[in-house]
Amino acid sequence: MSVDANRIDALQAEGRTFPPPPDFAAQANAQAGIYEKGFEEFWEEEGRRRVTWYKPFDKLYEWNPPYAKWYLGGQLNVCYNCVDRHVESGLGEKVAFYWEGEPDDERRAVTFADLQRDVVRFANGLKKLGVKKGTPVGIYMGMCMDLPVAMLACARLGAPFTVVFGGFSADALSGRLNDMGVEVLITQDEGWRKGNKVPLKAHSDAAMEMSPTVRTCLVSRRMGDPINMREGRDVYVDEVIQGLSDDPSSCPCEPMDSEDLLYLLYTSGTTAKPKGIVHTTGGYLVGVATTHYYIFDVKPESVYWCAADIGWVTGHSYILFAPLCNGVTGVIYEGVPNHPNEERWWEIIERYKVDILYTAPTTIRTHMKWGPQYAQKHDLSSLRLLGTVGEPINPEAWIWYREHVGLGRTPVVDTWWQTETGMILITPLPGLTTLKPGSATKPFPTVDAAVYDERGHEVPPGQGGYLVVRKPWPAMLRGIYNDPDRYQETYWSRYKDVYFVGDGARKDADGDFWLMGRIDDVMNISAHRISTIEVESALVDHPAVAEAAVCGRSDPQTGQAIVAYVTLKATHQPSVELLSVLRDHVSMKIGKIAAPANIVFTPELPKTRSGKIMRRLLRDVAEHRTLGDTTTLADPTVVEELRSRAVTEEGKEQ
């Protein structure tokens, strides 16, 4: 698949640069010489500096492509490193999290001592339900405080877990529970979303009907409304933990081998079945804690806000595990940026004197749409560093973020990484790097990233190609759960012993990286990666649909928007009503995030003679571009008909 040349041209036109402010550089955690350290020297030092080991590692890493092991022989516990050791060192009264509910009168300061008590009691409750080292646990919650507590309690016991984003449907939840073989599901009665209640327990009930391995459902009370509770299966958290000890000695942290499974996180792929990304214990924790320390320049007094959802990898790595491991105070906000109004984020920053903000370009563009006046009403002078994550950021949004949120003075670290990488791989170091709006700049120290052409040759500066990583890194995925063949095929088959990212990129004359988005059929909607196949499968699940093909088109707010091309069965006719029905159906099957922005009804889809749908041409139609090569189509007239239908249908939608 070729890289979009237009996008490369747009990036090449950006020439503004921002060197590190001298006062910031003078106090930065990352100082000159960090890039000169050797691969083994760097990660051995960081492995000993960031983490407390029950048993020290005796070998740094082992690399048998495509499998890596890190910190071999070492034993540790993630919960101990994130909670207990800070209490033991005298930081018990330091705030671990400022938690803010979506209702703007609900907030709580949770100290490290509070967090330890909550986690120990929760872990004792899990033990009471039969959870032990190796028991697979599912977690399906909103951003209530019981979510991080549940994750830490699992880590304390050595129970591997998978967190499923609270916006996913029952079908999506059950697929993940079944793949992992989850025995205990932790959820909540309901959650908040834009002032409305989200029926998380009801979704869980539907999922459990399709998930026979789940024997127990543990329910956190968030709203307190009556819900369905099945006797013998469903129990409330508060009832289970009543009377249980919160003394850490009553539930000691389980020593874990560095390569023991910590969690699975499912990400969309180019088949309908999501991939269970395997992350283990030692290398993952060292990797995220190290990158967090240097990239975000955290200080003992920092108040750091990663404004993501814990259900995504950004939340795992940079809301929960890295900040807590580094003993940093964080912010967790339950709701959306505009509830009850567009000032909510800026109120939070002003209230807690946040000094580091990490968010997605999608959210920045949304704030741009609303206007800078809301931020201007609040004191944002505490901010000294801004970050972005989730997709390439366009230069205009980068500048707006720096000027209106960073008050024209803060560095902006545009970070690139994936669910699979576990930790940030390409990023500025704010005290050292000259920033360029729209560029993720340099690989993190020791990360060996490059841009290859189809034949596996490194491309010259300015030329687009495939982003690859040529050396292992500590937090890298250890495989796809129970699917080694898919792991090999997806990430390691294109180039020998080289990790194939699946993103397009280029390097400029200074060696800085410019990311150009996905080169496969995974769409990036509001920083969420969604497989075309999953959406197509949901559409075809509807009785009116015979066939469907999906692609992404550029969208100024969400990065990409979903366009669906649908062929109906002969028994059904296109209608405005059916457009709404199909969108709702996709929302039910996958989640609202996957509902198509545009649906185009067409009697035929463009296919090759072998029957393969030409999604490249669908993207050309959706973006109103000149069509690419159509010589391999079985019927070249189909795509012209589709173009005319797309214009008509978009007109109707407007």
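If r is the Cβ-Cβ distance from residue 32 to residue 301 and R0 is 30 Å, what FRET efficiency results, to the nearest 0.05? Could the numbers behind the result be given before it?
Working: r = 24 Å, r/R0 = 0.81.
Rounded to the nearest 0.05, the efficiency is 0.80.
Return, for the Cα atoms of the chain, the radius of gyration and Dmax in Å, separated by a comma.
In order Rg, Dmax, the Cα atoms of the chain give 24.3, 73 Å.
Residue separation times 0.36 nm, minus the C-alpha to C-alpha distance between residue 202 and residue 508: what's the value? Working shown, then result.
Details: separation 306, 0.36 × 306 = 110.16 nm, distance 5.09 nm.
Using 0.36 nm per residue and subtracting the Cα-Cα distance, I get 105.1 nm.
Using unit Cβ charges (K, R positive; D, E negative) and no other charged atoms, how large, in debye to the nearest 20, is the dipole of region 65-182 about its Cα centre?
That gives region 65-182 a dipole magnitude of about 740 debye.
Please compute the net charge surrounding residue 316, taking Lys and Arg as +1 and Asp and Glu as -1 over other residues with Cβ under 14 Å from its Cβ. Please list the in-between numbers first.
On the way: positive: none; negative: 309, 420.
With Lys, Arg at +1 and Asp, Glu at -1, the neighbours total -2.
Which order results if 254, 41, 36, 604 are arranged by neighbouring Cβ count within 10 Å, fewest first?
36, 41, 604, 254
Roughly what would the spin-label model give for residue 230 and residue 64, points 7 Å off Cα along C-beta, in nm?
Simple spin-label model gives 4.2 nm for this pair.
Quick one: net charge of residue 340's neighbours, Cβ under 11 Å, K/R +1, D/E -1?
On the way: positive: 194, 344; negative: 102, 104, 105, 342, 343, 347.
Overall, the nearby charge balance is -4.
Compute the signed sum of charges (Lys and Arg +1, Asp and Glu -1) over the other residues within less than 10 Å, Cβ to Cβ, of residue 449. Don't skip to the end; give the middle numbers.
Values: positive: 442, 470, 471, 507; negative: 448.
Once all neighbours under 10 Å are counted, the net charge is +3.
What do you get for GluC sites (Glu not before Pro) in region 525-572 restricted to DSSP loop and a cutoff of at most 13 other Cβ within 10 Å of the site's Cβ?
Answer by residue number: there is no such site.
Where the only charges are on Cβ atoms (+1 Lys, Arg; -1 Asp, Glu), what is the dipole of the chain about its Cα centre, to the nearest 20 debye?
380 debye
So what does log10 I(q)/I(0) come out to for region 105-199 at q = 0.10 Å⁻¹, using the Debye formula with one equal point on every Cα and no solvent?
Here log10 of I(q) over I(0) equals -0.28.
Identify, among 228, 244, 170, the residue whose Cα sits farthest towards the positive end of the charge dipole of region 150-276, taking +1 on the Cβ of Lys and Arg and -1 on the Cβ of Asp and Glu, with the dipole about the Cα centre.
170
Could you line up 325, 154, 217 from fewest to most neighbouring Cβ atoms inside 10 Å? Working shown, then result.
On the way: 325 24, 154 29, 217 21.
Ordered from fewest to most neighbouring Cβ atoms within 10 Å, 325, 154, 217 come out as 217, 325, 154.
Considering only DSSP beta bridges with both partners in region 26-445, what is the antiparallel share in %, to the nearest 5?
On the way: 24 of 57 bridges.
Percent antiparallel among DSSP bridges in region 26-445 is about 40.
Straight-line reach only, C-alpha to C-alpha below 17 angstrom: list the lysines that residue 369 could link to, leaving out same-chain residues fewer than 8 apart.
Within the straight-line cut-off, residue 369 pairs with 377.
Provide, as a two-decimal number, the C-alpha radius of gyration of region 556-617 over 2.2 N^0.38 Å, N being how many residues it has.
Values: Rg = 13.3 Å, N = 62, 2.2 N^0.38 = 10.6 Å.
Normalised Rg, Cα atoms only: 1.26.
Only loop residues by DSSP count here, and only those with at most 11 other Cβ atoms within 10 Å; note down the trypsin sites (Lys or Arg not before Pro) in region 479-512 that meet that.
Values: sites: 486, 494, 496, 506, 507; in loops: 494, 496.
The qualifying sites are 496.
Please list, in chain and number order, the residues 5+ apart from residue 568 or on another chain whose amide H is under 5 Å from its amide H, with Hs placed from the backbone.
546, 602
Starting from the Cα of residue 55, draw a straight line to each of the aspartates and glutamates and keep only those under 19 Å, dropping any in the same chain fewer than 8 residues away.
44, 45, 46, 84, 88, 254, 257, 259, 260
Give me Rg/Rg_expected for region 281-364, where Rg uses Cα atoms only and Rg_expected = 2.2 N^0.38 Å with N residues.
Working: Rg = 13.0 Å, N = 84, 2.2 N^0.38 = 11.8 Å.
It is 1.10.
Nearest 500 deg cm²/dmol is fine: what mean residue ellipticity at 222 nm does the chain get from its DSSP H runs of n ≥ 4 alone, each adding -39,500 (n - 2.57), divided by its residue count?
Working: 19 runs with 183 residues, N = 654.
Helix contribution divided over all residues of the chain: -8000 deg cm²/dmol.
For residue 106 and residue 580 in one chain, what is 0.36 nm times their gap in residues minus the Cα-Cα distance, to one decimal in nm?
On the way: separation 474, 0.36 × 474 = 170.64 nm, distance 3.58 nm.
Stretched out fully, the residue 106 to residue 580 stretch lengthens by 167.1 nm.
Return the long-range amide H neighbours of residue 438 (sequence gap of 5 or more, or a different chain), with a cut-off of under 5 Å between placed amide H atoms.
Result for residue 438 returns nothing.
Check residue 426: other-chain or 5+ apart residues with amide H under 5 Å from its amide H, H built from backbone geometry?
Hits under the 5 Å cutoff: 416, 444.
Using the 10 angstrom Cβ neighbour count as an exposure proxy, how do 303, 137 rank, fewest first? List each step's numbers first, then the result.
Numbers: 303 21, 137 26.
Fewest-to-most Cβ neighbours within 10 Å comes out as 303, 137.
For region 96-172, state which trypsin sites (Lys or Arg not before Pro) are in a DSSP loop and have at most 12 other beta carbons lying within 10 Å of their beta carbon. Walk me through the intermediate numbers first.
Working: sites: 107, 108, 117, 121, 127, 128, 132, 133, 156; in loops: 132, 133.
Sites meeting the loop and neighbour criteria: 132, 133.
Can you compute the modelled spin-label distance between residue 24 and residue 492, with each label point 7 Å from Cα toward Cβ, in nm?
Distance between label points: 3.9 nm.
Which percent, to the nearest 5, of DSSP beta bridges fully inside region 135-224 are antiparallel? Display every interim value, and only then the final one.
Numbers: 3 of 15 bridges.
Roughly 20 percent of the DSSP beta bridges within region 135-224 come out antiparallel.
For region 129-180 and region 24-103, what is the centre-to-centre distance using only Cα atoms, to the nearest Å?
Going from one Cα centre to the other spans 24 Å.
Pairs 275/589; 69/471; 442/507; 353/442; 94/299: which are spaced more than 19 Å apart, C-alpha to C-alpha?
Values: 275/589 17 Å; 69/471 13 Å; 442/507 9 Å; 353/442 30 Å; 94/299 13 Å.
Those over the limit are 353/442.
Using the Karplus equation 6.51 cos²θ - 1.76 cosθ + 1.60 (θ = phi - 60°), what ³J(HN,Hα) coupling, rounded to whole Hz, does each residue of region 63-74 give in order, writing x for Gly and Pro?
Going residue by residue, I get 10, 10, x, x, 10, 10, 10, 10, 6, 5, x, x Hz, with x marking Gly and Pro.
Once you treat every alpha carbon in region 205-297 as an equal point and sum by Debye, what is log10 I(q)/I(0) at q = 0.19 Å⁻¹?
Cα-only, vacuum Debye calculation for region 205-297: -1.15.
Readers should treat all values here as calculations from the given coordinates under stated rules, not as data from a laboratory. Bear in mind the structure is a predicted one, so any value in this text is a computation, not a measurement. Virtual Cβ from ideal backbone geometry, glycine too; neighbours counted across all protein chains shown.
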